[in-house]
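The values are calculated or read from the model by the stated rules, or taken from the named source; none is laboratory data. This one's a predicted model, so the numbers in the text were calculated from it and none came from an experiment. With ideal geometry, Cβ positions are generated from the backbone for all residues, glycine too; neighbour counts draw on all protein chains shown.
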Amino acid sequence: MSWSKQTVVGIFSRSGEHEYLWLVNALRDVTNLCPQPFVITNSNASAFRESVYTNTFAILYHSMNRGSLNITDVTDSLYDDELQVLSSILGKDKVVVIADDLVDSSHNAKNRILHSQPTIRLKALDLFLFSREDKTNYNILLSKMAPIKEIVTAASHKSINMWDEEKDSPDKEKDLKPRKVKMSSSKQTVVGIFSRSRKDEYLWLVNALRDDTNICLQPFVITNSNASAFRESVYTNNFAILYHSMNSGRLNITDVTDSLYDDELQVLSSILGKDKVMVIADDPVDSSHNAKNRILHSQPTIKLKAQDLFLFSREDKTNNNILISKMAPIKEIITAASHKSINMWDEEKDSPDKEKDLKPRKVKMSWSKQTVVGIFSRSGEHEYLWLVNALRDVTNLCPQPFVITNSNASAFRESVYTNTFAILYHSMNRGSLNITDVTDSLYDDELQVLSSILGKDKVVVIADDLVDSSHNAKNRILHSQPTIRLKALDLFLFSREDKTNYNILLSKMAPIKEIVTAASHKSINMSSVSLSLVTYGTTVICVGNALCRPSVWNWALAFPWVAASLGLVRNTFYIPYIPAGLRLSETYMVPAGVVTILSISQPDWPHVLSSYCNSILQKHKGR
C-alpha cells in the first residue's frame, strides 16, 4: 500500500485572512493542497519561524490595501526578514510571492517590481500580480491561478520523491509516519484542533496527522474573548479535536472547578455532532486505560459530548512505535467519520422519505461548466463565511463573495456578469431589515441590477441573524418589501439558532442548493445554446442589413448586437482585449431580438402595429 503526502501551503502575510480568502478558496479546490494562513506581526517572529517548518510550500502575500508595494528592498519594507526565513528553511523553489489589489498586473509591472525589489527574485521562485479586475473575472482568475497550482504541485512531487528516497535509504533514520494508502476522494476532511494551549505544544499532533492525504488541519487558539470567532471557525470543519495539555496546570477540561472547556465542548458537539468530536489530554503522568476511566468518571460530559478521550504521556511521544499505535485509532475515527458523512449524504439524497441534504452528490464537471454563485452584500465576508462553506461542499458550485460599497457600483455591475447565480445577503447585525422599499434601504439599486442582468430566476435573497426566521416572519417581510418578490425567486431567513443546529442548517440550505443547481442546469441547456444562437443570428442579420442598406438607423441597430456577440466571444474563449460587460441581459435577449428583426423587416412596424390595434378597437366599438 502506498501513502501519498499532503502539500501544506502556508500563506504568510501581515494582511487579515479575509483579504486573501479568494486565494485560500482557489487553492482548496485541489485535493492534496491544504492552505494554512498565518498572520505575521512584529511580535511573533518565533511563532512565524516555527510555523514555516510545518509547511511544504509557502506563499508570501501582500495587498496594496496596506498602502504601498513595500515587500522588500525599499523604505519601510514589510517582509525583509520573513522572505529570508522562508527561503532559508524551505528553499527558494518552494516560495512564491503574491502582490494583490494592484492597478496594473501586467508583465511589465512585474518586471518593474522585480527590478526595484531584486530580493524577491533571489529568495522566491516567482512573483505573481493580481488586480481587483483579475479577481472579478472568473476566467482570468483561473488562468492566473493555474501556474501557481502547477508550481505548488511540482514542488510537492519533488518533496515526495526526495522523502521516499531518504526513507528507503539504510543510512537514514526511519520516519515515524507510515506510507499512506492512496485515496481518490475529492472531498477533504478539515480537522479543527481547538485548544487554549499554544500551537507549538501540539505540533507533534499536527505532524502525526498531516501525512494523511485527505486530512487538512486547522488549528484554532481559544481565548476568553473570541467566542464568536470560535463558533464561526467550527462551521468550517468536518471534525474537531479538543486538545488540553497538563502543562496548563491540571486536567480541568469540564465538570470541575475552573474547567476550561465547558462551553466549547458543548458548541463542538451541537454543531458537528458527538461522533465528530474527540478530546486529547496531553502530558499526563499516567496515560493508561485506568487513568482514562478515572477522568471519564470525574468529568462525564466528555463521554456525553465527544466520541472518545485519548491520553498521551511524554513517554508515549518519545517512543515512535507507541506514538504510531496510539495515533492509529484517532486516524481511523476521523476517516470513518468522513466516510460516514459522505455515505449519509448520498443515502439521504436518494431516500424519498428524507429531507434533501445540504450536499448533493458530486458530479464530475469541467471548469467551464462550474456554477459561479456571487454572494453580494454590504456585510464583511466573515459574517457569511458559514454560507460560503455550506455552498462550497458541492463540487460544481463556486461561491464568489463581493462586498458592495457606495463607491463601487461599476465594479459591482461588472462582477454580476461573471456569475451564473446571485445571492443578495443581508445581516441584521447591521441594525435593521432594510433591504428594499423602506427608509434607508440598502439594496434598491443592487436588487434591480441583479434581476435585470441575471433574471429573477437566478437571484435569491438571504436575511441572516434574525430573531424570528419562521414562515410568518418571511411573509411579513415580503409584504412590507414587495420588490424582493418581484426581483428575486425567493427569500430565505436564518436565525443564529438555525446556524448552531447542524440538522436545521442542512434542511434550510437544501432548497437553496436545489434552486442554484436547477438554475445552473437551465443555464447550460438553454442559455448557453439558445441565447447564443439568438445573439449571433441577430448580429449577422443586422450587420448584413446595414451593409446592404447603409443608414444611421441600420448601423445603430447593428452595433449593440455586435457588442453583445463580442461579449459572448470574450466570456467563452477568454480574450482579455475585449472589454468586459459587453452583454445583453438574458431576460431581454429574445424580446430584443424579435424587436430588432421586426425593425429590419418592417421599419414602420410600430405604426403598423398601432394601426392594427386601432382597427381592432374600432371594430369592437362598432359591435
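Give the residues of the stretch 543-562 that are of a type outside the set (A, V, I, L, M) and surrounded by 11 or more Cβ atoms within 10 Å (Cβ to Cβ), sorted by residue number.
Residues satisfying the conditions are G544, N545, R549, S551, W553, N554, W555, F559, P560, W561.
Output the helices (runs of 4 or more DSSP H) that fall wholly within the stretch 219-327 and possess 1 or more residues being under 34 Å from the mean Cα position of the chain (by Cα), or say none.
Filter on the stretch 219-327 gives 227-234, 262-272, 301-305.
Of these, H107, H157, which one is at pLDDT 85 or above and either not hydroxyl-bearing (S, T, Y) or not assigned by TED's automatic domain parsing to the domain that holds P35 (or both)?
H107
Quick check on my filter: what residues within the stretch 275-305 are of a type in the set (K, R) and surrounded by fewer than 16 Cβ atoms within 10 Å (Cβ to Cβ)?
R294, K303
Any residue that is of a type in the set (F, W, Y) and in contact with a strand residue (DSSP E or B) (Cβ under 7 Å, 6 or more places away or on another chain) - is there at least one of those in the stretch 499-506?
No, because not a single residue in the stretch 499-506 is of a type in the set (F, W, Y) and in contact with a strand residue (DSSP E or B) (Cβ under 7 Å, 6 or more places away or on another chain).
List pairs: first residue in the stretch 83-106 and of a type in the set (S, T, N, Q), second residue at pLDDT 90 or above anywhere in the structure, Cβ distance under 7 angstrom, at least six positions apart or on different chains.
So the pair list comes out as Q84/K123; S87/V95; S87/K123; S87/A124; S105/L129; S105/F130; S105/S131.
Does V608 qualify as being over 24 Å from V449 (Cβ atoms), out of contact with any Leu (no Cβ under 7 Å at 6 or more places or on another chain) and modelled with pLDDT under 80?
It is true that V608 is over 24 Å from V449 (Cβ atoms), out of contact with any Leu (no Cβ under 7 Å at 6 or more places or on another chain) and modelled with pLDDT under 80.
T439: at pLDDT below 95 and over 21 Å from L391 (Cβ atoms), yes or no?
Yes: the conditions hold for T439.
Given the conditions (1) surrounded by fewer than 20 Cβ atoms within 10 Å (Cβ to Cβ); (2) modelled with pLDDT of 90 or more; (3) more than 30 Å from I504 (Cβ to Cβ), report the number of the one that N320 does not fulfil.
Tallying (1) surrounded by fewer than 20 Cβ atoms within 10 Å (Cβ to Cβ); (2) modelled with pLDDT of 90 or more; (3) more than 30 Å from I504 (Cβ to Cβ), N320 fails exactly one: (2).
Among the residues of the stretch 34-47, is there at least one that is of a type in the set (S, T, Y) and surrounded by 15 or more Cβ atoms within 10 Å (Cβ to Cβ)?
no
Exactly one condition in (1) part of a helix (DSSP H, G or I); (2) farther than 20 Å from I151 by Cα is not met by L27; state its number.
If we test L27 against (1) part of a helix (DSSP H, G or I); (2) farther than 20 Å from I151 by Cα, just (2) comes out false.
Can you tell which of D255, D212 is in the same structural domain as K317 (by TED's automatic domain parsing) and at pLDDT below 80?
D212
If you take just the strands (runs of 3 or more DSSP E) that sit entirely in the stretch 376-476, which of them hold at least 1 residues that are free of Cβ contacts under 8 Å to residues at least 12 places away in the same chain and over 26 Å from V569 (Cα atoms)?
By residue number, no strands (runs of 3 or more DSSP E) qualify.
Which ones in the stretch 78-128 are over 19 Å from K144 (Cα atoms) and aromatic (F, W, Y)?
Y79
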